[in-house]
Amino acid sequence: MAPTRTIKNKHSSKSSSSSSSNPKRSSKDGIKKPSSSHKPKAKIPSKEQKGKPNFGQDKKKKSRVYTEKELGIPELNMITPVGVTKPKGKKKGKIFVDDKESMSTILSLILAEKEGQIESKLLKARQMEEIREARKAEADKKEQDRKAKLDETKELMRKKRKKTTGSNNNKKDDEEEDKIVKDAVVAGTKAGKKTAKGNKKKSVSFAE
Amino acid sequence: MRALTDEEMKTVLDKLANYMSDLKSLIAPLDDGDRYVFRLNHSRVYYVKLSIANLATSISRDALLSLGTCLGKLTKTGKFRLHITALPILAQGARHKIWIKENGAQPFLYGSNVVKAHVGRWSEDCPEHQGCVVYSMADIPLGFGVTARSTTEARRLDPTGVVCFRQADCGEYLRDEDTLFAG
């Protein structure tokens, strides 16, 4: 009964089969594997070694696999971020900055760099501001000139208009003058009469 | 947790120098003989007292959540990104400042840029694209950003024009609560 219980485990069955002197037991249980695998234990590996051709294996061992560096093949173009690239020829491992001196040197370097950057930025901004102001002044001047020119032309136009209106007035004056003259001419006879009446010296007497 | 390397230290200090003029006070020795150092853990940079940093060496990397003041995060491309947690340190030695009116504080704390209409006053001679710390009119630091225009240019700007691009604000303590300290 004991071997039937242990059959479930392969190893135990092997050991049991090997240890048991009765081959019938295994056949009774209906398990052929342990008995078949057990017999040619030493033979199978030797057969495999002999059966398979050794030529291929030997060749594979002989063929050397070259690395890309050994062959001198140019490297493929790959995108590597700027921060990730590490300089060649340097020792592996990190150099830590923990002492005060090295930190202060780095600090002063960075501060100087930043100050320079800010100064240059400010200078640039000032220069740009100056240029802008100059441009603005120029534009203002141009605008003023344009306005002045416009005013001038306006004045000229006004003057011309005045002249033209003035000439019209003259014409009227002339007409008035003419009228006066005419009136004077018309009234002239009367005036003459009046004058004759008044001037007794210039009397005309008809000879009888 | 480890000290920063040469390159890392440069990038961190370079970023800090955008906002601060007085960097030397950061590493100046304290009265009790102690000093502040920079430490890196899980790609986060911490500004911490040396004595505390030494104590923290007894805690394993995975178990150590945070120590001192978290300044920001080193990205995988080697750049440094400042977090809002660095604001108290930036505010101490700010290079350029912008004070915003009460009506502008809320929009800023909700994550919008600073417009000219909200500016109460600003420091003179501030160039374009320069780091600045944003304060309320009661001198309480609210966040930090980058100037959109120089001071002279900003004077001519219309009221709705952006004066400062927001980088971080105190509202992030609530908005980014989950990712601010871990993850």
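For the stretch B:94-183, which chymotrypsin sites (Phe, Trp or Tyr not before Pro) are both in a DSSP coil and crowded by at most 12 other Cβ atoms within 10 Å? The partial results should precede the final answer.
On the way: sites: B:99, B:108, B:110, B:122, B:135, B:144, B:165, B:173, B:181; in loops: B:110, B:181.
Loop-located and lightly packed - B:110.
How far apart, in nanometres, would the label points at residue A:65 and residue B:125 be if each is projected 7 angstrom from Cα along the Cα-to-Cβ direction?
It is 6.6 nm.
Which residue fluctuates the most in chain B, going by a Gaussian network model with Cα springs under 10 Å, if the choices are B:40, B:55, B:90?
Most flexible of the set in this elastic network: B:55.
Gap in Å between the Cα centre of the stretch B:13-80 and the Cα centre of the stretch A:83-121?
The stretch A:83-121 and the stretch B:13-80 have Cα centres separated by 16 Å.
Pop out the ³J(HN,Hα) list for the stretch B:157-173 in order, Karplus 6.51 cos²θ - 1.76 cosθ + 1.60 with θ = phi - 60°, rounded to Hz; leave Gly and Pro as x.
Coupling constants for the stretch B:157-173: 5, 6, x, 8, x, 6, 9, 9, 7, 6, 10, 8, 9, 5, x, 5, 4 Hz.
Could you pull out the GluC sites (Glu not before Pro) across the stretch B:104-183 that fall in loop regions by DSSP (anything but H, G, I, E, B) with no more than 13 other Cβ atoms inside 10 Å?
For GluC sites (Glu not before Pro) across the stretch B:104-183 that sit outside H, G, I, E and B with at most 13 neighbouring Cβ atoms in 10 Å, the list reads B:124.
Strictly over 31 Å apart at the Cα level, which of B:15/B:49; A:121/B:24; A:69/A:100; A:69/A:91; B:10/B:97; B:49/B:97 would you flag in this model? Provide the component values of the computation, followed by the final result.
Values: B:15/B:49 21 Å; A:121/B:24 23 Å; A:69/A:100 42 Å; A:69/A:91 20 Å; B:10/B:97 24 Å; B:49/B:97 27 Å.
Beyond 31 Å between Cα atoms: A:69/A:100.
Please give the FRET efficiency for residue B:34 paired with residue A:78, using the beta carbon to beta carbon distance and R0 = 35 Å, rounded to the nearest 0.05.
Values: r = 47 Å, r/R0 = 1.33.
Efficiency, rounded to the nearest 0.05: 0.15.
Charges on Cβ only, +1 for Lys and Arg, -1 for Asp and Glu, centred on the Cα centroid of the stretch B:2-89; of B:53, B:16, B:74, which one is farthest towards the dipole's positive end?
B:74
How much of residue B:75 can a 1.4 Å solvent probe reach, expressed as accessible area in Å² and rounded to 10?
For residue B:75, the solvent-accessible surface is approximately 50 Å².
I'd like the FRET efficiency for residue A:137 and residue A:105, computed as 1/(1 + (r/R0)^6) with the beta carbon distance as r and R0 of 56 Å, rounded to 0.05. Kindly include the intermediate steps, with their values, before the conclusion.
Values: r = 48 Å, r/R0 = 0.86.
That gives a FRET efficiency of 0.70.
Between residue B:112 and residue B:156, what's the calculated FRET efficiency when r is the beta-carbon distance and R0 is 22 Å? Round to 0.05. Please report the intermediate quantities before stating the final value.
Numbers: r = 22 Å, r/R0 = 1.00.
The calculated FRET efficiency here is 0.50.
Could you tell me what fraction of 2.2 N^0.38 Å the Cα radius of gyration of the stretch B:2-89 comes to, as a two-decimal ratio?
Values: Rg = 12.7 Å, N = 88, 2.2 N^0.38 = 12.1 Å.
Cα Rg divided by the expected 2.2 N^0.38 Å: 1.05.
If I model a spin label as a point 7 Å beyond the Cα along the Cα-Cβ vector, how far apart are those points for residue A:155 and residue B:49 in nm?
Going from the residue A:155 label point to the residue B:49 one covers 8.3 nm.
Under unit Cβ charges (Lys, Arg +1; Asp, Glu -1), what dipole magnitude, rounded to 20 debye, does the stretch B:44-183 have relative to its Cα centre?
On the way: 17 positive and 13 negative charges, 68 e Å.
Rounded to the nearest 20 debye, it is 320 debye.
Extending each Cα 7 Å along its Cβ direction at residue B:173 and residue B:61, get the distance between those two points in nm, one decimal.
In this crude spin-label approximation the distance works out to 3.1 nm.
If the cut-off is 12 Å between C-alpha atoms, which aspartates and glutamates fall inside it for residue B:73, apart from same-chain ones fewer than 8 positions away?
By straight Cα distance, residue B:73 reaches B:8.
The values are calculated or read from the model by the stated rules, or taken from the named source; none is laboratory data. These numbers come from a predicted model, not from an experiment. Cβ atoms come from the backbone with ideal geometry, glycine included; neighbour counts cover every protein chain shown. Accessible surface areas use protein heavy atoms only, side chains included; no ligands, DNA or RNA. Shrake-Rupley method; radii C 1.70, N 1.55, O 1.52, S 1.80 Å.
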